[in-house]
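The values are calculated or read from the model by the stated rules, or taken from the named source; none is laboratory data. Since we're looking at a predicted model, the values are computed, not measured. Don't worry about glycine lacking a Cβ; one is built from the backbone with ideal geometry, like all the others, and counts go over all protein chains shown.
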Amino acid sequence: AYRLRCPAAIKARCYYPRLILLLVSVLVFVPAGAADDIAVQTEKLQQLQKHIQGIKTELDSMQGQRDTTQVKLEKAEKKIGHVTAELHRLDADADSARQKIQDLDKDRITERHALAALRRILSRDLQLAYSAGRQQRIKLLLNQQDPALVGRMMTYHGYFTRARATRMQELQATLASINSIEAALVEQQGEIQQLRLQQQEKSLQLTAEQGNRRKILAQLQRDLRVKKTELSTLQQDELRLQTLVQALQKALREISPPPGDFISLRQFKGKLRWPVAGRLTRRYGSKQSSGGVVSRGVLIRSRAGADVHAIAAGRIAFADWLRGFGLLLIIDHGHGYMSLYGQNGSLYKDVGAWVRRDEIVAAAGSSGGQDQDGLYLELRKDGQPFNPTAWFEGQPLPQQAGR
């Protein structure tokens with residue numbers, strides 16, 4: 001089940017009641033010999049329920065306090081992601097049209113060579129026919145004494161005449177083929193021109209949206225300076241939420257066996273390829289510059305629009321904008337393993353889609369209010385983040401390198 005499909009605004013409301021029922025089921029189905037512990041477990045459950053309710057209230061309050069600047073930023077970055085995806089599609093269409101033009105041009109050159117060869121042959125035939133004169137067949141009949149020889153010569157003459165007629169037909173067919181190819185070339189060139197106009201329009205739209213995003217981001221940064229005093233409260237909220245997630249993951253492991261249709265990601269340890277080309281600028285466990293918060297993933301600086309690849313096969317569990325992470329993609333690899341790809345500029349996959357290893361799933365960017373382009377990457381096991389560095393081969397590829 002993919003609980004991350006719930007919209008962000010109502011995630012807590014659709015998630016925590018199920019958690020309570022889940023924990024209740026764990027406590028109900030205890031062995032008979034543990035009956036004496038039921039009272040203690042019930043008290044712990046009540047405390048946990050109060051804890052859940054408290055965090056739910058805090059999360060609802062945080063959602064209610066979400067200011068208009070964040071909403072504007074979300075809308076702007078989603079629109080930029082959509083326009084970027086459209087440009088990505090237009091680029092692919094333009095590449096396809098250019099390839100068709102190259103293929104047609106090759107066909108045209110081949111047909112023109114054939115046409116030139118046919119013209120040379122016909123010119124030679126016409127010269128021979130002219131030199132022989134119009135009365136060639138009559139001369140053959142009158143000048144030959146042997147009737148058998150006369151018959152053979154007439155047969156040869158018929159062969160030559162039919163061969164000339166065949167070459168004339170081939171010449172006409174070749175001319176028609178060249179005309180068809182040139183018409184197709186004109187059509188493809190018109191399509192290229194139309195695609196260029198669309199790309200220019202989308203590029204202008206993207207530039208305008210990026211300018212709007214910069215304005216929103218500047219306003220957001222001003223607001224963040226005012227709200228620095230809220231940082232410690234948010235850190236406490238994060239810690240309590242993480243504790244709750246740990247309790248949930250433990251309960252899930254006890255009542256739900258791991259799926260059997262995935263190869264465990266553990267088998268790929270040390271063999272994974274980095275999802276994007278770039279430079280590793282923030283390591284797992286390092287302190288971020290925004291107030292000492294420890295990073296639970298790594299940051300790879302990359303060019304805007306760089307292809308983001310799935311590190312392993314799996315299913316898309318989440319694909320949407322999430323505060324702090326921007327356009328976020330989460331892939332479930334089974335057996336409790338998940339990979340998270342944050343601050344993307346555009347998402348190419350939807351929730352529920354199956355992806356292969358190395359398949360392109362997104363484009364790197366700076367969504368989520370980041371000031372530099374790149375990709376934020378996390379690996380998690382049973383909901384807990386862990387250091388991903390040892391799971392990958394070497395360092396990320398340079399930005400100019402490709403797959």
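Odds and ends about this structure:
- From the list 349, 271, the one residue that fits, being at pLDDT 90 or above and surrounded by fewer than 16 Cβ atoms within 10 Å (Cβ to Cβ), is 271.
- Residues in the range 365-391 that are of a type in the set (A, V, I, L, M) and out of contact with any Pro (no Cβ under 6 Å at 6 or more places or on another chain) were compared, and the one that is nearest to residue 221 (Cα to Cα) is 375.
- Near pairs, Cβ below 7 angstrom, 6+ apart or cross-chain, from the range 345-369 (outside the structural domain of residue 206 (by TED's automatic domain parsing)) to any residue that is among the hydroxyl-bearing types (Ser, Thr, Tyr) and assigned to a strand (DSSP E or B): 362/341; 362/346; 363/346; 365/346
- Scanning the range 296-312 for residues that are aliphatic (A, V, I, L, M) and part of a loop (DSSP other than H, G, I, E, B) gives 304, 306, 310, 311, 312.
- Filtered by the rule that a residue be in a loop (DSSP other than H, G, I, E, B), more than 30 Å from residue 215 (Cα to Cα) and among the small types (Gly, Ala, Ser), the range 349-403 gives 352, 353, 383, 394, 401, 402.
- Among the residues of the range 99-142, those identified as touching a helix residue (DSSP H, G or I) at 6+ places or on another chain (Cβ under 9 Å), acidic (Asp, Glu) and either modelled with pLDDT of 70 or more or not assigned by TED's automatic domain parsing to the domain that holds residue 189 (or both) are 105, 107, 111.
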